[in-house]
Structure formats: C-alpha cells, structure tokens
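What follows is a set of notes on a single structure, which appears directly below.
The values are calculated or read from the model by the stated rules, or taken from the named source; none is laboratory data. Predicted, not measured: the structure shown is a model, and the values here were computed from it. Cβ placement follows ideal geometry from the backbone for every residue including glycine, while neighbour counts extend to all protein chains displayed. Only protein heavy atoms, including side chains, enter the accessible area calculation; ligands, DNA and RNA are left aside. Shrake-Rupley method; radii C 1.70, N 1.55, O 1.52, S 1.80 Å.
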Amino acid sequence: QVQLVESGGGLVQAGGSLRLSCAASGRTFSSNAMGWFRQAPGKEREFVAAISRSSSTTNYADSVKGRFTISRDNAKNTVYLQMNSLKPEDTAVYYCARDRSRVVHTTEYAFDYWGQGTQVTVSS
C-alpha cells in the first residue's frame, strides 16, 4: 500500500509563488514516475506535470510550462511542484499521484495511487 500526502497549499496573490510537496510512503518510490494534477471548481481534473523515476524526463501542461517546475528527491520519498508567477486560473485542488510505470504519462488512467489533495487559491 502506498500513501501520498500533499502539503504546501494556501492563499497567495497573483504573481506569487508556492511550493507543493508530496511525501510518499513505501520503499518503491524511486521505481515509479510521479505526477501532479489539479481540479478547479466545476471542472474536470487535469494534468499539470509529471517526472520520470530518475528525473531524466519531465512533462508539463501547456498552461503551466515555464512557470511550474516538478522535481523529486528519491532519498526523501518526496516529489515537489514549484509554482511561480501564479495566476487566478491556477486556483484548484492539487493532487499528487503515482504512475504505474517508470516513464511519464499525462492521463489519469496511468496513475494508481492518489493523495487527498491540497488547496491552492490565487487572488487577483
């Protein structure tokens, strides 16, 4: 069983920054790619970013490219999402998820474990 716990969400003004963390339980963290998704009120959950198990490959949604950075520390079983130049449209619940494989994917079906989510609110 794998547990994912997100932290670091909060309220920030437009143009500000936040760093989300996702701590994973289990000894197989370094074997899997990881991803971040988000869900805004009234909208479907969408892909944000993903990182391969070795950090050699990353992938980003076009809406966050150049502003968000995903990274991981396998020694700490933690994946991060650095969010800069935040916009009101980034307001959402952000979820961390574990990919079933070692390579990056962007669709939800590829991920088997999910965190409970952390709220990010960007005020204008």
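Compute the label zone of Lys43 within segment 97-124: residues whose backbone N is under 20 Å from the point 7 Å along Cα-to-Cβ. Only 97, 106-109, 115-124 fall inside the zone, counting backbone N under 20 Å.
Cys22 contributes about 0 Å² of solvent-accessible surface, heavy atoms of the protein only, 1.4 Å probe. Kindly provide the trypsin sites (Lys or Arg not before Pro) of segment 5-40 that DSSP labels as loop, not H, G, I, E or B, and whose Cβ sees at most 11 other Cβ atoms within 10 Å. For trypsin sites (Lys or Arg not before Pro) across segment 5-40 that sit outside H, G, I, E and B with at most 11 neighbouring Cβ atoms in 10 Å, the list reads Arg27. Each of Tyr109, Ala40, Ile51 was placed along the dipole of the chain (beta-carbon charges, centred on the mean Cα), and the one lying farthest toward the positive end is Ile51. Restricting the GluC sites (Glu not before Pro) of segment 40-124 to loop positions (DSSP other than H, G, I, E, B) with no more than 13 neighbouring Cβ atoms within 10 Å leaves Glu44.
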